[in-house]
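The values are calculated or read from the model by the stated rules, or taken from the named source; none is laboratory data. Because the structure is a prediction, the values reported are computed rather than measured. Positions of Cβ are generated from backbone atoms using ideal geometry, with glycine treated the same way; all protein chains shown enter the neighbour counts.
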Amino acid sequence: MKKSIKYLLMVLVIAGCAQQEKQQPAKEVFSVEGKEVVVYTTAKDTELRLSETGKSSFEPADQPLESEVSVFVNPNKTFQTFWGIGGAITDASAEVFAKLSKENQDEFLKAYYDKNEGIGYTLARTPIHSCDFSSASFTYIEEGDDELKTFNIDHDKQYRIPLIKKAIEAAGGELPLYASPWSPPAFMKTNNNMLRGGKLLPEYAETWALYYTKFIKAYEKEGMPIWGITIQNEPMATQRWESCIYTAVEERDFLKNHLGPVMEREGLGDKNIVVWDHNRDLITNRANTIFDDPEASKYAWGIGFHWYEVWAGGEYMYENLARIKESYPDKKLLFTEGCVESFDPAKYQHWPNGERYGQSMINDFNQGTVGWTDWNILLDETGGPNHVQNLCFAPIHADTRTGELIYTPSYYYIGHFSKFIRPDAKRVSTVSSRSHLLTTSFINTDGKMVTVVMNQSELEIEYKLYIGQNAVKETILPHAIQTIVY
């Protein structure tokens with residue numbers, strides 16, 4: 001009898017599960033049949049700059065041949081949710097912007113933040129007080145004020161805050177903004193100097209943590225919501241400008257014992273905290289140290305990274321990102337800074353500068369990165385202003401002598417991603433059959449697929465883009481980047 005009851009119950013459970021399965025809606029299958037394909041191209045030694053260069057449609061295709069170049073997209077395999085792409089609004093950018101005519105200011109804002117007339121930036125980063133791309137070092141308090149009684153952001157109200165507000169407006173009223181410190185005030189440090197490294201003195205850990213919260217509250221009072229913060233810009237680099245050193249253990253303990261608890265105590269527990277904010281080479285050590293500690297990890301949204309490891313004699317360590325994603329799948333990867341250094345006005349149109357962006361963005365996204373933030377959105381004809389002459393390129397420069405805006409290849413390469421891949425898109429499995437072509441794909445929430453293909457070679461390449469048993473034939477020029485929307 002007991003066996004019969006047991007058997008009956010088992011039958012009922014199986015039947016119930018089957019019924020539940022039946023009632024679940026079938027997963028929508030991405031179809032390319034009858035869909036238009038639109039191609040946008042930027043190419044070296046041509047006039048093509050984010051230009052529409054063709055329309056076609058998918059057709060039934062045979063098995064690809066080894067002699068052909070192919071790009072394979074599989075919409076059934078999706079990965080991270082895309083957050084956005086943007087750039088840093090620094091004091092330098094804001095000071096240069098203020099020198100532009102009203103007409104050129106409007107052009108500049110549209111160029112970056114309008115998704116129809118520009119490249120549709122959806123993120124921004126800004127420093128907490130000064131960095132090298134400020135005209136001078138400064139903080140928000142009087143030196144020695146360990147109670148933070150003199151805290152105010154009046155300095156930022158002259159140039160930086162007006163530009164941030166204009167950028168938010170140009171982006172449609174919403175622009176997630178996160179902030180990064182380059183150094184605590186001098187009196188809080190072992191070297192009594194905001195420049196040239198040094199460390200945070202232990203007795204000021206709580207005060208420094210409170211400083212972040214005062215910054216967030218002051219900015220939000222001005223009508224600029226703060227999405228989150230990074231703990232320290234480049235915590236393993238002793239720079240001749242504003243810098244501060246944290247070992248992995250020191251950053252872990254500052255987050256666990258001070259910054260995280262203070263943020264919660266001040267009612268800012270919903271703000272996101274990003275660790276590391278430095279190069280890809282040592283990123284795994286930082287992730288292991290912080291994320292393996294549950295009491296520190298609970299405060300960390302994810303880990304930020306830069307691309308400058310190559311300047312220190314290394315290579316672009318993209319695979320390090322994949323290892324972090326494997327080990328800590330709940331933590332996010334965020335590219336927080338990159339620029340082309342060693343400014344030279346003769347190289348405004350130097351094509352490899354743009355290709356560096358394309359290569360990094362494709363590889364970073366393919367390793368699981370959710371957001372990508374460039375460094376200064378605007379610099380002048382000197383590659384500054386910068387108070388220690390660490391002069392760099394930006395995607396757009398302004399010649400303050402003439403008022404001219406100069407668009408570099410980097411601007412267009414970034415635009416091939418930011419204009420077409422929109423927040424909340426999902427990355428889609430995409431590979432190329434040849435190393436000449438780098439590629440990535442995202443599907444937007446409106447159902448439009450975006451595939452970016454970059455040709456780093458000297459060859460004009462004909463390739464087929466496959467989805468299932470359908471393909472579309474395309475050609476990409478030498479040293480070109482294409483965005484294919486379908």
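Among the residues of the stretch 245-277, the ones that are in a helix (DSSP H, G or I) and of a type outside the set (Lys, Arg) come to 15 in all. Right, Leu50: of a type in the set (A, V, I, L, M, F, W, C) and on the phi > 0 side of the Ramachandran plot or not? Yes: the conditions hold for Leu50. Within the stretch 407-432, residues that are on the phi > 0 side of the Ramachandran plot reach partners that are of a type in the set (S, T, N, Q) and surrounded by fewer than 21 Cβ atoms within 10 Å (Cβ to Cβ) with beta carbons closer than 8 Å, at six or more positions or on different chains, in the pairs Asp424/Thr81; Asp424/Asn444; Asp424/Thr445. Number of residues in the stretch 42-80 that are buried (at least 16 other Cβ atoms within 10 Å of the Cβ), more than 19 Å from Ser429 (Cβ to Cβ) and in contact with a Phe, Trp or Tyr (Cβ under 6 Å, 6 or more places away or on another chain): the value is 3. Among the residues making up the stretch 384-403, those that are in contact with a helix residue (DSSP H, G or I) (Cβ under 8 Å, 6 or more places away or on another chain), within 19 Å of Gln349 (Cβ to Cβ) and not in a strand (DSSP E or B) are Phe393, Ala394, Pro395.
Yes/no per residue for (1) closer than 30 Å to Tyr113 by Cβ; (2) in contact with a Pro (Cβ under 7 Å, 6 or more places away or on another chain); (3) polar (S, T, N, Q); (4) modelled with pLDDT of 95 or more:
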site	(1), (2), (3), (4)
Gly144	no, no, no, yes
Lys149	no, no, no, yes
Pro162	yes, no, no, yes
Ser183	yes, no, yes, yes
Phe187	no, no, no, yes
Glu206	no, no, no, yes
Ala237	no, no, no, yes
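Of the residues making up the stretch 76-91, one or more are within 24 Å of Arg434 (Cα to Cα), of a type in the set (D, E, K, R) and at pLDDT 75 or above. Residues in the stretch 432-486 that are part of a loop (DSSP other than H, G, I, E, B) and β-branched (Val, Ile, Thr): Thr445 only.
For the residues Glu52, Glu66, Glu103, the requirement of being in a loop (DSSP other than H, G, I, E, B), without any contact (Cβ under 8 Å) to a residue 24 or more places away in the chain and more than 17 Å from Thr373 (Cβ to Cβ) singles out Glu66.
Applying the selection to the stretch 242-257, what residues are touching a Phe, Trp or Tyr at 6+ places or on another chain (Cβ under 8 Å) and either more than 14 Å from Ser183 (Cα to Cα) or buried (at least 23 other Cβ atoms within 10 Å of the Cβ) (or both)?
Those that are touching a Phe, Trp or Tyr at 6+ places or on another chain (Cβ under 8 Å) and either more than 14 Å from Ser183 (Cα to Cα) or buried (at least 23 other Cβ atoms within 10 Å of the Cβ) (or both): Glu242, Ser243, Cys244, Glu251, Phe254, Leu255, Lys256.
Checked against (1) assigned to a strand (DSSP E or B); (2) touching a Gly at 6+ places or on another chain (Cβ under 9 Å); (3) of a type in the set (A, V, I, L, M), Ile229 passes all but condition (2). Screening Ala171 against (1) surrounded by fewer than 18 Cβ atoms within 10 Å (Cβ to Cβ); (2) aliphatic (A, V, I, L, M); (3) closer than 30 Å to Pro395 by Cβ leaves a single unmet condition, (1). All of (1) small (Gly, Ala, Ser); (2) part of a helix (DSSP H, G or I); (3) out of contact with any helix residue (DSSP H, G or I) (no Cβ under 9 Å at 6 or more places or on another chain) hold for Ser180 with one exception: (2).
Within the stretch 465-486, the residues that satisfy the criterion of being crowded, with 24+ Cβ neighbours inside 10 Å and closer than 18 Å to Ser51 by Cβ are Ile476, Ala480, Ile481, Gln482, Ile484.
Taken across the stretch 192-208, residues that are within 25 Å of Ile324 (Cβ to Cβ) and assigned to a loop (DSSP other than H, G, I, E, B) do not occur at all. Kindly indicate which of Lys217, Lys189 is of a type in the set (Lys, Arg) and surrounded by fewer than 17 Cβ atoms within 10 Å (Cβ to Cβ). None of the others qualify; the one that does is Lys217.
Selection within the stretch 133-168: residues that are assigned to a loop (DSSP other than H, G, I, E, B) and either in contact with a strand residue (DSSP E or B) (Cβ under 7 Å, 6 or more places away or on another chain) or of a type in the set (Phe, Trp, Tyr) (or both). The member of this set that is surrounded by the most Cβ atoms within 10 Å (Cβ to Cβ) is Phe133. Condition check for Ser429 on (1) within 22 Å of the chain's Cα centre (by Cα); (2) among the polar types (S, T, N, Q); (3) outside any strand (DSSP E or B); (4) surrounded by fewer than 16 Cβ atoms within 10 Å (Cβ to Cβ): one failure, at (3).
When the stretch 284-305 is filtered for residues that are closer than 21 Å to Tyr318 by Cα, surrounded by fewer than 24 Cβ atoms within 10 Å (Cβ to Cβ) and either of a type in the set (A, V, I, L, M, F, W, C) or touching a His at 6+ places or on another chain (Cβ under 6 Å) (or both), the ones remaining, listed by number, are Phe291, Trp301.
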